[in-house]
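Q: Handing you a structure now.
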Amino acid sequence: MRTAEVVIVGGGIVGSSIAYHLAEQGCRDVLVLEREAHQGLGSTGKSMGGVRAQFATDVNIRMSLYSIPFISRFEELTGQPTGYKPHGYLFAATTDAHLDYLRTNLARQQALGLTQARMLTREEIVSVLPQIRSDDILGGSLCPTDGFVDPHSLMTGFMTVAGQHGATLQRSVAVRRIVTDHGAVTGVETDKEPIATRVVVNAAGVWAAELAKSAGADLPIKPLRRSLIPTEPFPGIPDRLPMIIDMSNGFHFRPEGVGLLLSWNDPEEQYGYRTGFDPAFIEKVLTRAADRVPAFADLAVNPRRCWSGMYDMSPDKHSILGPAPEVRGLYYANGFSGHGVMHSPATGKIVADLILQGKTDLIDSSVLSVERFSQGRAIHETAVL
Ligand SMILES: Cc1cc2nc3c(=O)[nH]c(=O)nc-3n(C[C@H](O)[C@H](O)[C@H](O)COP(=O)(O)OP(=O)(O)OC[C@H]3O[C@@H](n4cnc5c(N)ncnc54)[C@H](O)[C@@H]3O)c2cc1C
C-alpha cells in the first residue's frame, strides 16, 4: 500500500504552507491531497488577499508578526512571487468608542513589537483619500506594513518550494475518510487508492468538519458566505491607497488594478454552504460606498465579475490549530474566520512544529487548541472584517 509520513488533506493556501514548512524542517515524505483538478478552487481563490497585523488579540497579532515579514521576504528567498503590496490598512473611527478601541489595540500591538502602526488624525485620513467624507471621522489607525497579497501566487509558491524539497501534490484525489485504529490514525481512504500514514493534517477549509467527523472527531466550524465586488476602472484614486475600513458600518475597500474591490459583512448572511453571488448585495454595498466617499456614486459594477466564497468560521473567530484530542495523529489547521491567507505562514510553521517537535515557540499553542471550547477558554476577536 502507498505510504506517506504526513498526509495533508486540502491543497489550498493553508495545506500548501504546512507542506512548505514541513519540507523546510526536513520532513520530505509529505503528500498533499486535493480533490479538485486545480489548487485554489476553495476559499483561497476567492479571498480579498488582505494581510494585517492590526488585530485585537495577542495570538492573532503574533501570527501576523510572523506572517507579514515572512511574506515580504518570500520572493527574495525563494524566487516565488507573492504580489505583496504594503499599502497599509486604515481604520477610520466615527465614535469615541471606536477610537478607544483602536488605541487599546495599538498599545497591545506595540507591546508585542509592531512598531509601524500608529494613530491618525482626521486630517491625515483626508490626506490619504481626499475624496473621503470626513465630517463624522474622529481619527483612525494605520499600519503601513499591512496590505494585500495575491493568494494564488503565495499558495502555488508554497507548493512549488515544498515540491522542490520532496513533497508531493496530488490533484483530483478526494479523501473519503480518515481511517483510525484504537484511537490513532492509520491512513486515509480516497476515491483512488488507500494511503497508509500515521499523521493526517486536516486543511480541508470549510469542508473540514465532515472530514474530522469521519475519524470520530468533533470540529466546531461552519461555512459563511462572503462576497466581493470589483468595480470597473475608476480614475482619480491615489496610487498607494490602503485598505480603508469605515468603522461606522464595516464597509471596506481597496484598490484592485485600475478599479476598486469593495466588501461589507452583511449581518443577514446565515451559515451554510452557499457560493452563488446575490446581485442584491451590490446595491447594499454601493449605498455604503457612496455614503463614505460621495464620488463613489459614480462607481460602475458588472455583476458578472462579482463573486462569493466562504469563510470557515470558528465559534470565537480564531483558528483551530494542533492535535485533535480524540484521535492520535490527526492535526487541525482550520477555522480561520476570514484570516487564513494572511495567517497561512504562521499556521504552516506552528502546525509543522507541533507535528515534528510536539511544541512551537511562535505562540502558546494551547490558546488555539480545539479544547479551548470545552474548557471555557474561547478568545473573542472583535477585529473581524
Ligand atoms: C470573499 C472572501 C474574502 C476573503 N478575504 C480574506 C482576506 O482579505 N485575508 C485573508 O487572510 N483571508 C481572507 N479570506 C479567507 C481565506 O480565503 C481563507 O481563510 C483561506 O483561503 C483558507 O485557506 P484553506 O487552505 O484553509 O482553505 P481552502 O482554500 O478552501 O482549501 C481547502 C481545500 O481542501 C480541498 N478539500 C476539501 N475537502 C477535501 C477532501 N475530502 N479531499 C481532498 N481535498 C479536499 C478543497 O477542494 C480546497 O481546495 C477570504 C475569504 C473569502 C471567501
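Q: Taking Lys222 as meeting all but one of (1) farther than 26 Å from Gln54 by Cα; (2) open to solvent by 70 Å² or more (accessible area, probe 1.4 Å), write down the number of the exception.
A: (1)
Q: Looking at the range 335-354, I want the residues that are at positive phi and without any contact (Cβ under 8 Å) to a residue 60 or more places away in the chain and have a partner that is assigned to a loop (DSSP other than H, G, I, E, B) and more than 6 Å from the ligand (Cβ to nearest atom) with Cβ atoms under 7 Å, at least 6 apart or on another chain. Which pairs are those?
A: Note: pairs meeting the criteria are Ser337/Ser314; Ser337/Lys317; Ser337/His318; Ser337/Val384.
Q: Is one or more of the residues making up the range 222-231 more than 12 Å from the ligand (Cβ to nearest atom) and touching a Leu at 6+ places or on another chain (Cβ under 8 Å)?
A: yes
Q: While we're looking at this one, here's another question. Would it be correct to say that Asp291 is in a helix (DSSP H, G or I), more than 14 Å from the ligand (Cβ to nearest atom), touching a residue at least 60 places away in the same chain (Cβ under 8 Å) and not small (Gly, Ala, Ser)?
A: Criteria met by Asp291.
Q: Consider Phe148 carefully, then state whether it is in contact with a strand residue (DSSP E or B) (Cβ under 6 Å, 6 or more places away or on another chain) and either closer than 30 Å to Ala19 by Cβ or modelled with pLDDT under 95 (or both).
A: yes
Q: Any idea which of (1) open to solvent by 20 Å² or more (accessible area, probe 1.4 Å); (2) modelled with pLDDT of 95 or more; (3) part of a loop (DSSP other than H, G, I, E, B) is the one Ala215 doesn't satisfy?
A: Of everything listed in (1) open to solvent by 20 Å² or more (accessible area, probe 1.4 Å); (2) modelled with pLDDT of 95 or more; (3) part of a loop (DSSP other than H, G, I, E, B), Ala215 misses just condition (1).
Q: Would you mind stating whether Gly113 is in a loop (DSSP other than H, G, I, E, B) and within 20 Å of the chain's Cα centre (by Cα)?
A: no
Q: Now for a different question. Among the numbered criteria (1) within 26 Å of Asp361 (Cα to Cα); (2) out of contact with any helix residue (DSSP H, G or I) (no Cβ under 9 Å at 6 or more places or on another chain); (3) near the ligand (Cβ under 8 Å from one of its atoms), which single criterion is violated by Leu41?
A: (1)
Q: Here's a follow-up. May I ask you to list the residues in the range 310-369 that are open to solvent by 10 Å² or more (accessible area, probe 1.4 Å), in a helix (DSSP H, G or I) and among the polar types (S, T, N, Q)?
A: Scanning the range 310-369 gives Gln357, Ser365, Ser366.
Q: Then there is this: Could you name every one of the strands (runs of 3 or more DSSP E) located completely within the range 1-94 that has at least 2 residues being over 22 Å from Glu256 (Cβ atoms)?
A: 6-9, 30-33
The values are calculated or read from the model by the stated rules, or taken from the named source; none is laboratory data. Here the structure is a predicted model, which is why all the values come from computation and not from measurement. Cβ coordinates were reconstructed from backbone atoms using ideal geometry, including for glycine residues, and neighbour counts include every protein chain displayed. The accessibility values were calculated without ligands, DNA or RNA, using every heavy atom of the protein model including side chains. Shrake-Rupley method; radii C 1.70, N 1.55, O 1.52, S 1.80 Å.
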